Structures are given as C-alpha cells and as structure tokens.
1. Across region 397-438, what is the number of residues that are assigned to a loop (DSSP other than H, G, I, E, B), at pLDDT 90 or above and crowded, with 19+ Cβ neighbours inside 10 Å?
2. Is it the case that some residue within region 508-517 is in a strand (DSSP E or B) and either of a type in the set (Asp, Glu) or touching a Lys or Arg at 6+ places or on another chain (Cβ under 6 Å) (or both)?
3. Restricting region 671-692 to residues that are modelled with pLDDT under 90 and in contact with a Pro (Cβ under 8 Å, 6 or more places away or on another chain), which is surrounded by the most Cβ atoms within 10 Å (Cβ to Cβ)?
4. Would you mention how many residues in region 222-240 are in contact with a Leu (Cβ under 7 Å, 6 or more places away or on another chain) and surrounded by fewer than 18 Cβ atoms within 10 Å (Cβ to Cβ)?
5. Regarding Ala228, is this residue modelled with pLDDT under 90, of a type in the set (Gly, Ala, Ser), closer than 24 Å to Gln175 by Cα and out of contact with any helix residue (DSSP H, G or I) (no Cβ under 8 Å at 6 or more places or on another chain)?
6. Identify, please: which residue in region 371-396 is buried (at least 22 other Cβ atoms within 10 Å of the Cβ), part of a strand (DSSP E or B) and of a type in the set (Gly, Ala, Ser) and is, among those, nearest to the chain's Cα centre (by Cα)?
7. Got a sec? Which strands (runs of 3 or more DSSP E) wholly within region 549-664 have at least 1 residues that are under 30 Å from Thr171 (Cα atoms)?
8. Working only within region 253-284, note down all residues that are in a strand (DSSP E or B) and in contact with a Pro (Cβ under 6 Å, 6 or more places away or on another chain).
Amino acid sequence: MRHLPRPLRLLPTLLATLPALATLAACDAGTLYRAGSENAPMGPGSWNGMECDWDDRLVAQSSADPAATPPPAGAPSLIAGDGDEALRAAATRAALATIDRRALALKATVQWRTTCMLRCTANDTCNGNGFPLFGDTTCDEVLYDSADSADGGAPASSAGGQNGGAKEYSTTNNQVVGVDEADFLKNDSKYMHIASNGVVTSLDAFPGDAASILAKIAGSGTPRKLLATDTRLVVFSSDAPADASRTECTYGYACVPTGDGFPTLVSVYDTTNRSAPRLLRTLQTSGSLLAARRIDDDVHLVVHDDSLNARLAALTGFSASVPSCATSQADYDEAFATIDAAAARAKAAVSSISSGIPTVTDSAGSASELRVYQPSRPSGDSFVSVVSFSLASNRAASRATIVGRPGFVYTSADNVYLAQNESASDTCSGGPCGWYDGMNAAAATTVHAFHLGSNGAPTTYTASGIVPGTVLNSFALDEYAGHLRVATTLGRVPDPAVHSTLSVLERRGSVLATVGSIGNIAPGEDIRSVRFDGDRGFVVTFKKTDPLFAFDLKEPSHPRLSGELKIPGFSTYIHPMDATHLLTIGYDADDHGSFAYFSGIQLQIFDISNLSNLRLLHKESIGTRGSSSEVLTNHLAFTYFPQKNLLALPMTICEGGGNGQYGTNMTFNGLLVYDVTVANGFKNPSPPQSPLRQPQSSPPPRHQCQLRPAISGRKRM
C-alpha cells in the first residue's frame with residue numbers, strides 16, 4: 001500500500017471537517033495560488049475552517065520574501081568590479097533570485113492544492129471517483145505560468161534686444177532658478193525651436209509679424225524634448241510610436257514615471273548659423289528619458305533602463321508542467337523535481353545572457369567607466385542612470401547607475417534626487433521591493449541623491465534616505481541651504497487614516513538622514529500640490545475643502561506649521577507670484593456636506609505676507625465639471641509673464657455641468673490669456689466676441705466634454 005504524501009497525513013482530521021469545507025470555493029480545481037498573492041494561504045494552521053499542514057521542505061509561503069531583512073536606507077555600495085560586466089552580473093544575480101522565488105511559489109501551489117483540496121485527497125478517490133460532495137475529479141496535468149499569478153516662474157530676460165531681439169521675453173517655467181528643464185519648445189529673445197510632427201523647426205520669431213522658418217532638423221527618431229543655449233541645441237529623440245502604451249506622467253499617486261520604454265538618442269547641434277544647424281555630437285542611451293536638465297553648459301539626463309528585464313522576463317517567469325494534485329509521496333517528490341529542473345534550465349539560460357545591459361554610446365569618445373551602485377534597500381532590478389556631459393567640451397559623457405526602479409526627478413544646482421514611491425504590496429519580479437519587517441508604514445519614499453559634476457566632471461551617486469508616505473510629483477521635493485525637504489502622504493482618500501508628513505533631510509556621509517519633520521498633517525486628506533520657496537513651504541490637501549498650509553522652515557530641525565486657510569476645491573499647481581503672493585490653479589468644488597464634487601477650474605491669488613494669517617485675495621472660476629487644462633498636471637504648460645502682468649493657459653472650457661454632472665458643451669478650446677495683478681485679480685483682456693473666444697451663431701454640438709483635453713500648445717511672451 002502506498003503511503004500518503006506528507007501533506008495528506010491529516011486526512012482523518014480533514015474528513016471530519018467536511019461540513020465546514022463545503023464553502024471552500026477558493027480551493028476549486030481552477031484556482032492557482034502564487035506566493036504572496038492576496039487570497040493565498042499564508043502558512044500552516046487554520047484556513048477557512050480547515051487545518052492545513054506544510055511540507056517540511058518549505059519554510060512557509062511567506063519565505064518568498066527576501067531571506068534577509070535589509071537595513072533601512074543607508075550607504076549605497078559599489079558593486080565589485082566596475083564596468084559593464086559588473087552591471088550584467090548584478091542583473092543576473094537578481095534574476096537568479098527571482099527564479100528561486102518562482103520555484104518556491106510553484107512548490108507552494110502544489111503543496112497547498114494537495115493539502116487542502118478535497119478533490120484529490122487520497123489515491124483511491126482521484127482519477128475518476130472523487131468525493132460525492134464535489135463530484136468526479138481527474139488529476140490532470142496543469143501548466144503553471146506567471147500569468148496567474150525656488151522661483152519656478154517663466155523668468156524674463158534682460159539680455160534681449162541683441163540682434164534685433166525682444167527686450168523682454170518669457171522662457172520655460174522651470175521649478176528651480178538656473179536649472180533649465182527640457183521641453184518641446186525653447187526660445188530666447190529672437191529665436192525659437194519647436195519639436196513637433198517629427199522634426200525640430202527653428203524660427204526667427206521676432207518681430208512676430210515677420211516671423212520666418214530658418215531651418216528644419218529631421219534626425220533619427222522622433223524629437224520629444226529640447227534644451228538650448230545661444231549657440232547649441234540639444235534634441236532628445238526616441239522611436240516610440242505616437243500610440244505607445246507608456247506615456248509621460250508627471251503628477252499623481254498612480255503616476256510612476258518610467259519613460260516611453262524606448263532608447264533615447266541625444267543630438268547636439270551647433271546653431272551659430274541659425275539657417276544651417278550642424279550636428280556636433282550624438283549620445284545613444286539604451287534607457288528611456290525620465291528627465292533632462294541644463295545648468296549653464298552642463299547637461300544631465302536621467303534615464304530608466306529595463307531592457308535587461310525584458311530579456312529576462314520570459315526566463316524568470318518559467319513554467320513547469322506538474323500534476324494539479326499529488327496522490328502519493330512519489331508523485332509529490334516528482335512534482336518538486338520537475339519544478340527544480342525547470343528552474344535549473346532557466347538559470348542556465350539567464351547566465352548565458354551577455355547583452356541587454358544599460359549602455360551609453362558617445363560619438364565624442366568612450367563614455368566613462370560604468371560604475372553601478374546597489375542601494376542598501378532593494379527596489380527592483382531595473383536600472384536608473386544619470387548621464388552628464390558638457391556643451392563646452394568634447395569630454396566623454398559620465399554616467400552613474402543604480403539598481404532600482406524609476407521615480408520622480410528633482411534637480412537643484414548641485415544634485416539630482418530620485419524619489420521612488422514604494423508600497424508594502426509592491427512586487428519587483430515577483431518579490432517584494434525593498435520592504436522589510438519592522439517597516440510600519442504602509443508606503444514609503446526612497447530618495448537617492450546624485451552629485452552633479454560641472455564642466456564635464458563625472459556625476460556620482462552619493463547617498464540615500466527614506467521617508468514615510470509617497471510623493472505627488474517633483475514639486476514635493478526641494479533643496480535649500482544644504483537640506484532636502486520632502487512632502488509625502490501616507491494612504492489615500494477616503495481612508496480616514498490618511499495623513500501627510502513634511503520631512504527635512506540632511507546628508508550625513510552616504511545617508512540622507514531625517515533631522516526634522518512634521519507629521520499627521522491634515523488627517524483624512526491627501527496632498528494635491530506642494531511648493532517650497534526659500535525657508536517657507538506651502539502644501540494644499542483635499543477631501544472636500546482646500547486647506548492651504550504654510551510652514552516655517554527656517555530651522556531645519558524644527559519645522560513649524562504656521563497657518564492654514566480652508567476654501568472649497570483644491571490647487572494642483574502653486575506658483576510664487578512675488579515674495580508675498582501665490583498664484584494657483586486647480587479645481588473648484590461643490591460641497592455636499594460629507595463629500596464634494598469636482599467642479600470647474602479655478603485660479604486664485606493668496607496673500608502670504610503673514611504665514612499665520614493667509615488670505616485669499618482673488619478667485620476666478622472657469623467652466624463647469626469636465627473643463628480641463630494641461631497646466632493642472634504639467635507645470636511646463638504654465639506661462640506667467642510678470643513684466644506684462646500676463647498669464648497664458650491652454651484651456652478647454654465646458655459648460656452645462658454641475659452637481660456631479662459633466663458639462664456637455666465645449667465653448668472654448670485654445671489659449672486663454674489673463675491680465676493678472678494683485679490689486680485687480682484676473683482680468684481677461686479679450687472680450688467674449690474676440691478671436692480668442694470665437695462667437696457662436698448657434699449652440700455648439702453636444703458631446704462628452706470631459707473627453708476633450710485642452711490643447712497642449714503654449715505661448716511665449
């Protein structure tokens with residue numbers, strides 16, 4: 001007589017519990033469980049009224065977590081053996097670990113099904129007879145696969161007027177003064193470059209009535225973003241199709257900036273002769289662009305590279321054909337041996353991979369030796385690199401790479417910070433991402449710091465730290481006087497436990513240590529916008545009203561909440577109008593007591609001269625529910641020109657909505673321009689019948705206005 005497999009030794013006990021097991025729908029033959037999945041059993045003991053044993057060869061299903069408890073964020077370590085081979089080795093180690101976790105998960109699945117499924121509990125009841133309670137059953141072959149399983153304004157320049165250019169003009173709405181951000185449009189006092197329709201068009205744009213096209217550049221790939229100086233044009237291109245599944249995201253808790261998933265080509269042109277741009281240099285990176293910044297003549301781009309992951313995905317998610325249940329110890333052992341053999345084949349294939357690692361090819365010469373860093377807390381097995389080069393020299397580009405996931409990028413004059421939002425439920429290649437026992441928060445943000453080289457000097461990875469909660473966008477971070485301030489939210493509305501934290505970090509060696517913080521900000525609400533301005537910070541949260549919080553950050557170790565102001569709605573972008581006033585854009589709200597509906601768009605001006613007595617000076621409501629603007633989630637679309645008191649916003653205005661209903665009539669879709677002053681608020685200089693608002697001889701067609709996004713065009717003034 002064959003012995004029952006070890007998990008079935010409790011058969012008499014299981015039979016005694018048959019009445020209680022009639023509801024075990026989750027254990028039907030079509031259900032597979034993956035280690036760590038939401039409905040999977042978590043270990044030996046009682047589950048749905050039944051006692052389940054475990055094979056002593058498995059520690060527990062939870063052992064799919066990292067075996068060792070990693071320390072909190074701390075000193076990054078340089079992977080032994082610099083160079084591309086070190087990076088390939090690091091990725092290979094991560095893939096091999098993933099295969100081990102995968103094998104354990106498959107074994108746990110077989111074990112659980114053998115233990116807890118009454119369809120196949122003994123060798124004399126499988127293969128056709130089964131228990132009457134469940135009907136006939138056959139232990140078929142099942143293929144287990146992975147499928148189940150500080151002034152950020154648009155600054156004016158006084159250097160205009162040369163070569164017939166404008167004396168005053170606006171530029172990109174950068175988050176940090178002196179740190180230019182890549183955008184599809186770049187200009188100076190006279191010339192303009194626009195990346196659109198697959199080419200870069202250079203124009204003589206001043207005076208406007210005599211504007212003319214000087215040149216068109218059609219290089220490899222599709223130009224996405226630009227950076228420019230008086231004599232240099234930097235074009236960032238990729239081959240991503242217009243309908244690529246990955247799109248740029250810049251705002252929101254669900255936003256994970258990953259790039260478009262395609263390699264990035266960087267082309268540098270000499271534009272001394274505006275009519276005949278000359279290609280000087282190209283850099284090809286295997287990673288997709290997350291962000292690009294220019295500080296004087298130094299260019300820094302942050303790229304995310306998952307090319308190796310794509311190569312490894314089919315191997316790390318290997319399959320094994322095993323019985324759906326085991327009826328003897330031999331069958332049980334054979335199933336485990338089959339899984340081990342499949343894992344061994346996957347490991348052999350992984351070890352043979354020698355390409356797909358992040359690369360940088362620079363026409364100016366061999367890029368500097370690749371130095372890859374492993375953060376102290378694991379956060380995935382993809383790669384993020386900061387690539388730096390100078391427009392003033394032909395020195396080869398430098399690169400600093402970390403093993404980790406992408407995130408929001410904030411750049412100061414000296415450092416690049418990468419903020420990775422993490423959750424305890426996140427998985428990287430089937431396993432948890434850097435979470436560890438003792439991590440009490442349900443979510444956290446890991447921040448990595450890179451020190452920027454100047455004049456072509458190498459950029460280096462320097463430190464990392466961790467704060468509770470997640471960041472909303474790049475404006476949630478700011479560096480000032482040697483400290484990094486980070487605003488985060490723990491949880492999401494409508495969870496009543498949601499709250500926010502403002503943390504102040506200081507670099508101490510290779511650790512970004514928290515030296516001060518304010519917790520439990522706005523319980524029950526989450527952050528919708530953040531802006532830091534020197535030693536002050538401003539945060540807007542929302543549930544049904546818009547509290548604007550002001551923080552005094554003069555003492556980094558003792559940040560202080562100074563004041564708050566509650567009004568309906570919430571702001572998604574905050575702009576310093578001057579030293580004592582904020583200009584904001586966001587959504588209005590219809591208050592319904594315990595909740596509120598988003599309504600139209602609202603512009604506001606706040607007096608912040610006294611942080612303990614914030615005042616709303618002016619408010620402008622635009623349209624009804626469904627109205628939209630790119631500015632709401634992308635600060636680069638915001639153009640404020642204080643010299644002329646002008647505010648230009650791409651806008652789609654919908655009318656006819658309210659009380660939770662979307663407007664159905666689109667009455668405007670274009671560039672909305674306001675005259676804005678602290679004294680008079682928002683004045684539209686164009687009357688309703690002007691070309692800015694086209695007159696309607698008959699009602700516009702009805703449509704789902706909320707599906708019509710605002711135009712993405714922008715205007716320089």
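The values are calculated or read from the model by the stated rules, or taken from the named source; none is laboratory data. What you see is a predicted model; the values in this text were computed from it and never measured. Ideal geometry is used to build each Cβ from the backbone, glycine not excepted, and the neighbour counts take in all protein chains shown.
1. So the count comes out to 4.
2. Looking through region 508-517, none of the residues is in a strand (DSSP E or B) and either of a type in the set (Asp, Glu) or touching a Lys or Arg at 6+ places or on another chain (Cβ under 6 Å) (or both).
3. Of everything passing the filter in region 671-692, Pro688 is surrounded by the most Cβ atoms within 10 Å (Cβ to Cβ).
4. 1
5. Taking the combined requirement at face value, the residue does not satisfy it.
6. Checking each candidate, the answer is Ser385.
7. 570-578, 581-591, 596-607, 615-622, 639-641, 646-655
8. Tyr269
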